[in-house]
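Everything below concerns the one structure shown next.
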Amino acid sequence: MINFNPHFFLSPKTLAIICAIATFVVIASKVFGTTIDYAPPFKETSFYSTTISANNDLADIYYPKPSDLNSGNYSFPIVLLLQGALVDKSFYSDYASQVARYGFVVVVPNHLRPSPFNPTSPPNLAPETSQIAAVLSQMAIENTNPTSPIASVIDTQRLGLLGHSFGGAVGLSVIANKCLPELYLCQEPFTRPKELLAGAFFGANLRNPIANEFVPIANDGIAVALIQGDIDGVALPDRAQSTFDQIQTPPKALITVMGANHFGITNVNNPAGAMPDRNTATLERAVGIETIARWSALFLRANMLKDRSAFDYIYSQADALDPNVRVTTVAVPKPSSK
């Protein structure tokens, strides 16, 4: 059953963002001589909720919804969004739906785990590496289930990761192919799946706080983007830079969003239950979410789908045009086709 979601109507703020994007394209065409085609390929999205069979996680699944979804020739890669610790999945609905517009099936689970500090307390919302295999298995089920809204339109051979805060640390450990139980990122041995092609993480770093050491990330060419608010008071910007330096092979990107704090990705600032950021964001929330979603999605498109327009946007053009970001990238050779 498809649920109604009011976020998918065009609010005044959303219309303002769309107008800003249109202006951005015009400026780009004047500066570079050609228009940068970076607008989302799909205008409409929808979502439904399900249970991940392997671990009983409740999950929201966001997907593009063109008029010919079930009769067209679509194959949308899977993107798993790993939540921040103690942040409910519902707080990522705006971000996830915008990423889905770029041609992805975005899975946002609520994953409950026992506390490592108090095993007798109720389980907490916190991601871990075992979710990767569970979600890949569930997407194979959804793709072959005739009652699923996304039956036969999922590319089960391509997986991207998104993550916020602690979820970003889990995602980075997955890409590094490390379990790291001492950091509470896993509870059992883990092997990075062959389907994993790229990850983009907001407000995240991979650091051992006891030793104050940043973990080397042997990503073996898997693309990694760190997206960081410049006034993040929880995951400090210098830690994102140190983690970026530990990513051993390109492609990689460090995208700093000016005026964003630790919760620039969520529907509201300091979601209930999460550790708050005392720094107040100066970037308007709708603009911040759109900016983070756009850079996340185009980074994934550039590296998972070899989309040349997305590649140009990420690695050569948009840094000079987007006033809300500062970007450092290391690229591999440009894709030859879209």
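Nearest-5 percent of antiparallel DSSP beta bridges in segment 100-230?
Numbers: 4 of 15 bridges.
Taking every DSSP beta bridge with both residues in segment 100-230, the antiparallel ones total about 25 percent.
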* Antiparallel as a % of all DSSP beta bridges within the chain, to the nearest 5? -> 45
* To do: Can you tell me the alpha carbon radius of gyration of segment 270-333 divided by the globular rule-of-thumb value 2.2 N^0.38 Å?
  => 1.36
* Theoretical ellipticity at 222 nm over the chain - DSSP helices of four or more residues, -39500 (n - 2.57) apiece, nearest 500 -> -8000 deg cm²/dmol
* With the calculation restricted to Cα positions, what are the radius of gyration and Dmax of segment 142-188 in angstrom? -> 14.9, 42
* Structure fact -> In the chain, lysine pairs 8 or more places apart or on different chains with C-alpha atoms under 19 Å apart total 10
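For Ala133 and Asp319, what does the FRET efficiency come to when R0 = 45 Å and r is the distance between their Cβ atoms, rounded to the nearest 0.05? If you can, show how the numbers build up before the last one.
Numbers: r = 36 Å, r/R0 = 0.80.
That pair, Ala133 with Asp319, gives E of 0.80.
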* To do: Keeping the other protein chains in place, figure out the carbon and sulfur percent of the accessible area of the chain, with a 1.4 Å probe.
  => 55
* At what distance in angstrom do the alpha carbon centres of segment 280-331 and segment 188-206 lie from each other? -> 19
* Taking the Cα-to-Cβ direction at Ser121 and at Asn269 and moving 7 Å from each Cα, how far apart do the two end points lie in nm? -> 2.6
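Of all the stretches in the chain, which is the longest one without any exposed loop site, taking chymotrypsin sites (Phe, Trp or Tyr not before Pro) in a DSSP loop (any state but H, G, I, E, B) with at most 15 other Cβ atoms within 10 Å? Display every interim value, and only then the final one.
Working: sites that count: Phe4, Phe9, Phe117.
Counting only loop sites that pass the neighbour cut-off, the longest clear stretch is 118-338.
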* the chain - Kirkwood radius from inverse mean 1/r over Cα pairs (Å) -> 19.9
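Once you have a ≥ b ≥ c as the square roots of the Cα gyration tensor eigenvalues for segment 39-116, tell me rounded if a/c is under 1.5, and otherwise prolate or oblate according to whether a/b is larger than b/c. Numbers along the way, then the final one.
Numbers: a/c = 2.85, a/b = 1.92, b/c = 1.48.
It is prolate, given that a/c is not under 1.5 and a/b is the larger ratio.
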* Structure fact -> So for R0 = 30 Å, FRET eff. of Thr144-Asn110 from the Cβ-Cβ r, to 0.05, ends up at 0.80
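Which trypsin sites (Lys or Arg not before Pro) from segment 250-300 combine a DSSP loop assignment with at most 14 other Cβ atoms within 10 Å? Present the calculation step by step, with values, prior to reporting the outcome.
Details: sites: Lys252, Arg278, Arg285, Arg294; in loops: Arg278.
Here the sparse-neighbourhood loop sites are Arg278.
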* For the chain, what is the accessible area per residue in Å² when the probe is 1.4 Å? -> 42
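Subtract the Cα-Cα distance of Glu188 and Ser90 from 0.36 nm times their separation in residues, and report this length gain in nm to one decimal.
Numbers: separation 98, 0.36 × 98 = 35.28 nm, distance 2.74 nm.
Difference between extended and current length: 32.5 nm.
The values are calculated or read from the model by the stated rules, or taken from the named source; none is laboratory data. None of these values were measured; they are calculated from a predicted model. Every residue, glycine as well, gets a Cβ built from its backbone with ideal geometry; the counts of neighbours run over all protein chains shown. Just the protein is used for accessible areas: all its heavy atoms, side chains included, with ligands, DNA and RNA removed. Shrake-Rupley method; radii C 1.70, N 1.55, O 1.52, S 1.80 Å.
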